[in-house]
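K.L.:
Structure below; questions to follow.
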Amino acid sequence: MSLPSESFVLRPEWLLVLGRDALAPAGSALVVRDRSIAAVLAPGEAPPADLPLVELPGHAVLPGLVNAHGHLAMSLLRGLADDHLLESWLQEHIWPAEGRWVGPEFVADGTALAAAEMLRSGTTCCADMYFFPEVSAAVLSRVGMRSQVAAPIIRFPNAWSNGADAAIHQALELLDRFRDDPLCNIAFGPHSAYVLEADTLARIATLAAEVGRPVQIHLHETATEVRDYLALHGRTPLAHLGELGLLGPSLQAVHVTQVSQGEIEQLARHGASVVHCPQSNMRLASGICPVPALRAAGVTVALGTDGAASNNGLDLFRELNTALLLAKSSRQDPTALRAIDALRMATCDGARALGLDGQIGSLEAGKRADVIAVDLSAPAQQPVYDPLSQLAYTGIGQCVRHVWIDGVPRLVDGELPGMDVEDLTARARRWAARIRGGSTA
Ligand SMILES: [Zn+2]
């Protein structure tokens with residue numbers, strides 16, 4: 001089948017606009033004109049005669065999902081070393097493999113693999129933080145995904161940069177190169193407070209404010225991180241970031257599993273966002289991000305999968321399902337987080353955390369047409385009392401049928417027209433053979 005591009009009308013069975021209201025009345029239609037959302041038509045209102053009309057019975061149409069944190073190329077390390085503690089997982093398995101194998105070709109192949117997986121499960125916008133960000137940014141732009149690509153800044157020389165100063169310089173070059181890209185947004189990606197000097201963090205705060213770009217950082221991922229930092233610096237990483245001027249609306253703090261009520265209020269006061277990665281946190285037993293308390297304090301909480309090496313998948317529907325179950329079980333309260341809350345975290349709140357809420361995150365007139373259609377007609381989704389519940393609780397990622405990004409179809413009836421999936425998977429298998437065999441061929 002083929003789908004119309006740039007200007008069209010969608011009339012699904014359920015239209016989730018996720019604006020002030022979650023769900024439009026039955027029979028509503030979405031009008032896309034010149035890649036932007038032009039209107040939501042009320043039931044019975046005639047669609048514009050000049051636009052192709054796509055009827056989608058049995059489908060829910062909603063904003064594309066926003067995966068607000070990941071390391072895309074790590075998809076090539078999926079399943080390499082499971083069932084370890086964070087420290088030994090990193091130090092004995094992931095870092096040595098990265099040290100040996102990461103280069104532009106690894107990043108190109110891993111990013112494309114991740115993009116295919118995300119597109120098929122309804123993610124239209126992703127945030128990446130990995131080496132060779134110029135390569136991942138180019139791959140994501142080529143396949144038509146919206147992205148935030150954060151240049152990784154760490155103290156140690158690595159395959160991409162010769163330490164923090166070089167990385168900052170390369171980040172600024174990257175920003176220039178992608179300044180006019182309609183889909184790719186460059187950000188600063190200081191890995192974490194514990195791998196950077198205080199003066200570097202302060203410099204990143206100043207530069208990010210000057211050029212108006214976001215900063216994404218791993219923060220308070222584990223109790224060990226916070227305890228060791230406190231012992232060394234006499235304050236927590238979060239308190240230190242506050243002193244250094246990094247806490248603000250453009251800060252995206254990833255994980256935040258260890259945080260006091262005072263620190264939650266500090267995040268809220270400064271308008272900083274949190275990216276919750278429940279599966280990675282559960283998988284590495286890192287701790288639990290207090291999502292209900294953060295949301296209650298007014299902190300924007302987005303959702304991320306983290307890299308596939310610690311998840312092990314990039315299906316954001318699965319992630320939001322996990323976020324719901326984890327919040328309910330950890331609080332022993334089934335109302336701690338509701339289906340609509342998790343759907344908002346995966347769409348409009350994700351967009352807000354990335355500073356893209358003026359463009360995407362809900363189906364409202366004026367926003368770009370990042371739209372997905374999910375088939376709710378399979379036995380596992382029957383009967384549909386409430387489409388929000390079905391989307392949140394029934395493992396729906398594999399039922400995403402169509403995806404438009406910026407009004408252009410990128411997934412058509414479950415197929416990826418712009419990607420050679422056979423070639424992608426063959427490349428992934430070749431990488432696994434090399435990595436497992438330790439060969440340099
Ligand atoms: Zn991460």
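The values are calculated or read from the model by the stated rules, or taken from the named source; none is laboratory data. Owing to the predicted nature of the structure, the values given are computational and were not obtained by experimental measurement. All Cβ positions, glycine included, derive from the backbone under ideal geometry; neighbour counts span all protein chains shown. What goes into the accessible areas is simple: the full protein's heavy atoms, side chains included, and nothing from ligands, DNA or RNA. Shrake-Rupley method; radii C 1.70, N 1.55, O 1.52, S 1.80 Å.
K.L.:
Ranked from highest to lowest mean number of other Cβ atoms within 10 Å per residue, what is the order of the peptides 139-146, 173-180?
P.N.:
Per-residue Cβ counts within 10 Å, averaged per peptide and sorted highest first, yield 139-146, 173-180.
K.L.:
How large is the charge dipole for the range 200-293, taken about the Cα centre, if only the Cβ atoms of Lys, Arg (+1) and Asp, Glu (-1) carry charge, to the nearest 20 debye?
P.N.:
100 debye
K.L.:
In Å, what Kirkwood hydrodynamic radius results for the range 182-335 from the alpha-carbon pair distances?
P.N.:
After inverting the pairwise mean of 1/r, the radius is 15.9 Å.
K.L.:
Show the residues, 5+ positions off or on another chain, whose built amide H is closer than 5 Å to the amide H of G163.
P.N.:
It is N158, by chain and number.
K.L.:
Rank A46, A29, V9 by how far each Cα sits towards the positive end of the charge dipole of the range 7-47 (+1 on Lys, Arg Cβ; -1 on Asp, Glu Cβ) and give me just the farthest.
P.N.:
V9
K.L.:
Might you work out the accessible area of T257 for me, using a 1.4 Å probe with all protein chains in place, and round it to the nearest 10 Å²?
P.N.:
10 Å²
K.L.:
Here is a further query. What 222 nm value per residue comes from the helices of the chain, counting each DSSP H run with n ≥ 4 as -39,500 (n - 2.57) and dividing by all residues, nearest 500 deg cm²/dmol?
P.N.:
Rounded to the nearest 500, it is -10500 deg cm²/dmol.
K.L.:
Which cross-chain or sequence-distant (5 or more) residues have an amide H under 5 Å from the amide H of G58, H modelled 1.01 Å from N in plane?
P.N.:
Amide H to amide H, under 5 Å and 5 or more residues apart or across chains, G58 pairs with E13.
K.L.:
So, with a 1.4 angstrom probe, what is the percent of accessible area on the range 305-441 that is carbon and sulfur? Present the calculation step by step, with values, prior to reporting the outcome.
P.N.:
Values: 2650 of 5600 Å².
Taking all protein chains in place, the range 305-441 shows 47 percent carbon and sulfur surface.
K.L.:
Next question. Can you list the residues of the range 190-218 with backbone N under 16 Å from a point 7 Å past the Cα of Q91, pointing along Cα to Cβ?
P.N.:
It comes to 194-195, nothing else.
K.L.:
Loop only per DSSP, at most 14 neighbouring Cβ atoms within 10 Å: give me the GluC sites (Glu not before Pro) in the range 36-91, ordered by residue number.
P.N.:
Taking the range 36-91 and a limit of 14 other Cβ atoms within 10 Å, the loop GluC sites (Glu not before Pro) found are E45.
K.L.:
Right, next: Name all residues of the range 59-73 having a backbone nitrogen under 19 Å from the label point set 7 Å from the Cα of V195 along its Cα→Cβ direction, giving them as ranges.
P.N.:
From the range 59-73, the list is 68-73.
K.L.:
To continue, here is another question. Assign unit charges at the C-beta atoms only (+1 for Lys and Arg, -1 for Asp and Glu), then state the dipole size of the chain relative to its Cα centre in Debye, rounded to the nearest 20. Write down the numbers at each step before the final one.
P.N.:
Details: 34 positive and 48 negative charges, 64 e Å.
Here the chain has a charge dipole of around 300 debye.
K.L.:
Taking the mean number of other Cβ atoms within 10 Å as a proxy for protection, how do you rank 271-278, 92-99 from highest to lowest?
P.N.:
Most protected by this proxy first, the peptides run 271-278, 92-99.
K.L.:
Then there is this: Working from Cα positions, state the angle (0 to 90°, nearest 10) between the long axis of helix 104-120 and the longest principal axis of the chain.
P.N.:
Approximately 40 degrees, to the nearest ten.
K.L.:
Suppose we keep just the DSSP beta bridges with both residues in the chain; what percent of those would be antiparallel, to 5?
P.N.:
Approximately 40 percent, going by the DSSP bridge assignments.
K.L.:
Which percent of the Cα-Cα distances in the chain go past 37 Å?
P.N.:
Here the long-distance tail beyond 37 Å is 21 percent of all Cα pairs in the chain.
K.L.:
So between S5 and D333, what do we pick up on full extension, going 0.36 nm a residue minus the alpha carbon distance?
P.N.:
113.7 nm
K.L.:
Here is a further query. Which whole-number value in Å² is the accessible area per residue of the range 294-418, probe 1.4 Å?
P.N.:
Dividing the accessible area of the range 294-418 by its residue count gives 34 Å².
K.L.:
Further question: Report the full-extension gain for the segment I435 to D386: residue separation times 0.36 nm, less the Cα-Cα distance, to one decimal in nm. Provide the component values of the computation, followed by the final result.
P.N.:
On the way: separation 49, 0.36 × 49 = 17.64 nm, distance 4.57 nm.
Answer, rounded to one decimal: 13.1 nm.
K.L.:
Same structure, new question: What is the extension gain from E55 to D82, computed as 0.36 nm multiplied by their sequence separation minus the C-alpha to C-alpha distance, in nm to one decimal?
P.N.:
Details: separation 27, 0.36 × 27 = 9.72 nm, distance 4.38 nm.
Full extension of this stretch gives 5.3 nm more.
K.L.:
V254: net charge of surrounding residues, Cβ under 10 Å, Lys/Arg +1, Asp/Glu -1, itself excluded? Kindly include the intermediate steps, with their values, before the conclusion.
P.N.:
Details: positive: none; negative: E221, D306.
The answer is -2.
K.L.:
Note down the relative contact order for the range 342-441 as a percent, whole number, built from C-alpha pairs under 8 angstrom at least six residues apart.
P.N.:
18 percent
K.L.:
Let me spell out the model: positive unit charges on the Cβ of Lys and Arg, negative unit charges on the Cβ of Asp and Glu, origin at the Cα centre of the range 93-177. What dipole size does that give, in debye rounded to 20?
P.N.:
So the magnitude is around 180 debye.
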